[in-house]
2 protein chains.
Amino acid sequence: MKRKVILYISQSLDGFIADSKGNVDWILGNNENYDSDYGYETFIKDIDTVILGANTYKQIKNELSLDKWVYEDLQSYVLTNEKIKDSINIKYVNMNIKKLINKLQQEKGKNIWICGGANLVNQCVKENLIDEYQITTVPVILGSGIRLFEENNKKVRLELKDTKEENGLIIGIYAKR
Amino acid sequence: MKRKVILYISQSLDGFIADSKGNVDWILGNNENYDSDYGYETFIKDIDTVILGANTYKQIKNELSLDKWVYEDLQSYVLTNEKIKDSINIKYVNMNIKKLINKLQQEKGKNIWICGGANLVNQCVKENLIDEYQITTVPVILGSGIRLFEENNKKVRLELKDTKEENGLIIGIYAKR
């Protein structure tokens, strides 16, 4: 079976994935905790590869998880035009996302996670590369920030496959039609 | 008990309430039907008043329901600066939305529905007038159109009260914190 490409991400009720300063602490509810793993445990079971844009990679490495690479159990691909030496589980590639996905889908493996950020997501939406959208809605109107879906993308019709409600969050799983 | 102000509306997965031509046919899934009433029957039981912006009023009257006024069982308020003579169940008012809601909340009655469009919604969000948000997510990425929530609004924290999945749609009910 072809490896599925899955966008797994959280957005605010008004469609932002980061606030205007690029922060993502509101996803956890700031000082409260939603007491949910955002469906991660179930989601990650069928994933062995994660693709990140350069900015998201830097944010995770330099701000969110300084001690160790968060996805060390996965094969990570970072899309970047910087020359960085590959590490044991991170490959740095300067490649069109469509080509990378085509290449990965010709190899055997589990599903492929599109982690973000917005640039990468919107390239994938434009090319209709995403097979499944797993989107958690965080109950806040941020008012400004970085949008998950940019304008001037093409129309993409989806089909709702499953919904979960977890401690204050809605997780919607959609498939490409 | 104070009459609640409820935003009951549908948005696309990327946050639009109308496409770039102002059309709302995608809410019904274009040629397919979601076979859902979008929670309307339950929602409308506790509503006796609906507030509409001038453009939304015109769109309903001139495009969506030519034969009769769709909300004839409710008291409608249309915010407009045009001088129009009130009819039996429609009042045309040129009034700040906060003042109108204050006035209505001093009267006895059921809950108050903020119907749209985007201008009205965003005035209400800015003033934090909405007690409950009942938002249906339609499984389509439109790519462009009229946004439900404008940018440069202030941050509003909500609490998820209930979720329903109905034939391909997710309905989320959120309360002001």
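The values are calculated or read from the model by the stated rules, or taken from the named source; none is laboratory data. Computed from a prediction, not measured in an experiment: that's the story for all the values here. Positions of Cβ are generated from backbone atoms using ideal geometry, with glycine treated the same way; all protein chains shown enter the neighbour counts.
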Could you check the range B:63-86 and list, in sequence order, the residues that are at pLDDT 95 or above and either at positive phi or not in a loop (DSSP other than H, G, I, E, B) (or both)? B:Q75, B:S76, B:Y77, B:V78, B:L79
Looking only at residues in the range A:26-48 that are without any contact (Cβ under 8 Å) to a residue 12 or more places away in the chain, polar (S, T, N, Q) and more than 30 Å from A:E107 (Cβ to Cβ), which one is nearest to the other protein chains (Cβ to nearest Cβ)? A:N30
Would you mind telling me which numbered condition in (1) free of Cβ contacts under 8 Å to residues at least 40 places away in the same chain; (2) buried (at least 20 other Cβ atoms within 10 Å of the Cβ); (3) among the polar types (S, T, N, Q) A:N23 fails? (2)
Going through the range A:99-117 one residue at a time, which ones are touching a helix residue (DSSP H, G or I) at 6+ places or on another chain (Cβ under 9 Å) and either farther than 22 Å from A:T163 by Cα or among the charged types (D, E, K, R) (or both)? A:I101, A:K110, A:G117
Restricting the range B:127-171 to residues that are hydroxyl-bearing (S, T, Y) and in a strand (DSSP E or B), the one surrounded by the most Cβ atoms within 10 Å (Cβ to Cβ) turns out to be B:Y133
Of the residues B:V93, B:V121, which single one is within 14 Å of chain A (Cβ to nearest Cβ) and touching a strand residue (DSSP E or B) at 6+ places or on another chain (Cβ under 7 Å)? B:V121
Give B:N55, B:N33 a once-over and let me know the one that is in a helix (DSSP H, G or I) and either surrounded by fewer than 20 Cβ atoms within 10 Å (Cβ to Cβ) or under 15 Å from the mean Cα position of the chain (by Cα) (or both). B:N55
For the subset of the range B:136-177 comprising residues that are among the polar types (S, T, N, Q) and more than 7 Å from every other protein chain (Cβ to nearest Cβ), which member is nearest to B:G117 (Cα to Cα)? B:T136
Filter the range B:1-39 down to the residues that are at pLDDT 95 or above and aromatic (F, W, Y), then identify the one that is nearest to B:N167 (Cα to Cα). B:Y8
Return a yes/no flag: does the range A:102-119 have any residue that is modelled with pLDDT under 95, more than 16 Å from the chain's Cα centre (by Cα) and surrounded by 13 or more Cβ atoms within 10 Å (Cβ to Cβ). no
Within the range B:109-142, residues among the basic types (K, R) and in contact (Cβ under 8 Å) with a residue 60 or more places away in the chain come out as B:K110
Kindly indicate whether B:S20 is under 16 Å from B:G145 (Cβ atoms), not in a loop (DSSP other than H, G, I, E, B) and not acidic (D, E). no
